[in-house]
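Inspection log for the structure reproduced underneath, given as structure tokens.
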Ligand code: OGA
Ligand code: MN
């Protein structure tokens with residue numbers, strides 16, 4: 001069996017075929033897949049034949065698979081505790097109400113690295129399509145290693161040693177949730193280097209996205225200008241490509257060397273059923289098993305449900 005790798009951009013992204021990932025894999029094949037992922041940053045797998053359990057099982061070749069955050073008052077459609085529901089559907093499989101879709105989709109359409117707001121970061125995310133809109137609903141990806149490498153030397157020097165703060169609540173605010181700066185100040189925040197070495201390839205990468213709030217030690221305005229400038233730099237046409245899905249297709253991205261964003265489609269009209277697993281950074285310390293739910297529970301004044309909360313607050317203001 002030969003694994004075929006077809007690059008999408010010269011330095012970033014590849015379509016992988018020639019291996020059935022829906023069943024058990026031998027150690028050599030697993031090693032090859034991890035190597036391909038480390039080299040290309042984003043891989044695309046067509047017509048995988050994976051079901052929920054197979055999706056989680058395959059994800060384990062990359063490391064520890066996180067438990068998805070759960071909200072006790074909101075029943076989940078997912079059959080496995082590791083599956084994060086990235087769809088626009090409610091527990092009964094119906095398209096969820098417009099206001100909450102609009103806000104959640106707005107956040108997802110900003111360039112981001114999943115869970116950068118956690119102290120313990122996520123490396124791989126594996127997004128499997130179960131149902132796709134007829135014309136689109138892609139995910140876009142951006143290459144933060146090549147973007148770093150191509151920076152002018154003065155900028156590389158300027159970034160050396162800088163750290164940034166990351167907040168989930170900040171990116172929600174960017175997307176239109178009515179959080180105030182003061183409310184965000186009271187929520188958990190994580191701190192990460194702006195440039196880091198991507199361990200799987202030894203290449204350096206930028207690490208900024210929609211959750212990035214401030215540059216440590218810099219005036220807020222100046223820091224935000226720099227953050228936006230770096231995100232714009234990473235998302236120039238030569239660093240980005242979209243993945244369009246059919247049911248069974250899967251994209252795997254490495255959050256530590258790429259950014260991504262949900263692409264446009266009419267989410268009030270079309271069902272889009274996407275399910276995601278998330279692998280913890282293999283370099284990270286062990287952490288609490290259910291650390292996402294704990295983070296959100298600790299951050300909320302009421303049980304966590306941003307869509308509900310926001311809708312109530314918008315209605316209260318209206
Ligand atoms: C995600 C995500 C984008 C998409 O699941 O983390 O950003 O296209 N998804 O669904
Ligand atoms: Mn994401």
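The values are calculated or read from the model by the stated rules, or taken from the named source; none is laboratory data. Bear in mind that the values here come from a model prediction, so they are computed numbers and not experimental data. Methodologically, a virtual Cβ is constructed for each residue, glycine included, from the backbone with ideal geometry; neighbour enumeration extends over all protein chains shown.
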request  = Could you tell me whether any residue of the stretch 90-109 is under 14 Å from the mean Cα position of the chain (by Cα) and more than 15 Å from ligand 2 (Cβ to nearest atom)?
outcome  = no
| said: So, residue 22, is that one farther than 24 Å from residue 202 by Cβ, in contact with a helix residue (DSSP H, G or I) (Cβ under 8 Å, 6 or more places away or on another chain) and free of Cβ contacts under 8 Å to residues at least 60 places away in the same chain or not? | reply: yes
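Within the stretch 189-279, which strands (runs of 3 or more DSSP E) (wholly inside it) include 3 or more residues that are away from ligand 2 (no atom under 15 Å from the Cβ) and either over 22 Å from residue 102 (Cβ atoms) or at pLDDT 95 or above (or both)?
Counting at least 3 such residues, we get 190-193, 195-198, 203-206, 212-215.
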Those residues of the stretch 80-127 which are surrounded by 21 or more Cβ atoms within 10 Å (Cβ to Cβ), more than 10 Å from ligand 1 (Cβ to nearest atom) and assigned to a strand (DSSP E or B) amount to 123, 124
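Go through the stretch 128-170 and count every residue that is in a strand (DSSP E or B) and either in contact with a helix residue (DSSP H, G or I) (Cβ under 6 Å, 6 or more places away or on another chain) or without any contact (Cβ under 8 Å) to a residue 40 or more places away in the chain (or both).
Within the stretch 128-170, the first condition is being in a strand (DSSP E or B), and the residues that meet it are 128-131, 139-143, 163-166.
In the following step, the residues that additionally are either in contact with a helix residue (DSSP H, G or I) (Cβ under 6 Å, 6 or more places away or on another chain) or without any contact (Cβ under 8 Å) to a residue 40 or more places away in the chain (or both) were identified as 128, 142-143.
Going through the stretch 128-170 one residue at a time, the tally reaches 3.
Based on this model, can you work out whether residue 180 counts as without any contact (Cβ under 8 Å) to a residue 12 or more places away in the chain, surrounded by fewer than 18 Cβ atoms within 10 Å (Cβ to Cβ) and in contact with a helix residue (DSSP H, G or I) (Cβ under 9 Å, 6 or more places away or on another chain)? Explain how you work it out, then say what you get.
On the way: without any contact (Cβ under 8 Å) to a residue 12 or more places away in the chain: yes; surrounded by fewer than 18 Cβ atoms within 10 Å (Cβ to Cβ): yes; in contact with a helix residue (DSSP H, G or I) (Cβ under 9 Å, 6 or more places away or on another chain): yes.
Considered against the rule, which asks whether it is without any contact (Cβ under 8 Å) to a residue 12 or more places away in the chain, surrounded by fewer than 18 Cβ atoms within 10 Å (Cβ to Cβ) and in contact with a helix residue (DSSP H, G or I) (Cβ under 9 Å, 6 or more places away or on another chain), residue 180 comes out as yes.
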- Query: Can we say residue 67 is part of a loop (DSSP other than H, G, I, E, B), more than 19 Å from residue 246 (Cβ to Cβ), more than 16 Å from ligand 2 (Cβ to nearest atom) and in contact (Cβ under 8 Å) with a residue 60 or more places away in the chain?
  - Reply: yes
All conditions in (1) within 14 Å of ligand 2 (Cβ to nearest atom); (2) within 22 Å of residue 45 (Cα to Cα) are true of residue 78 except (1)
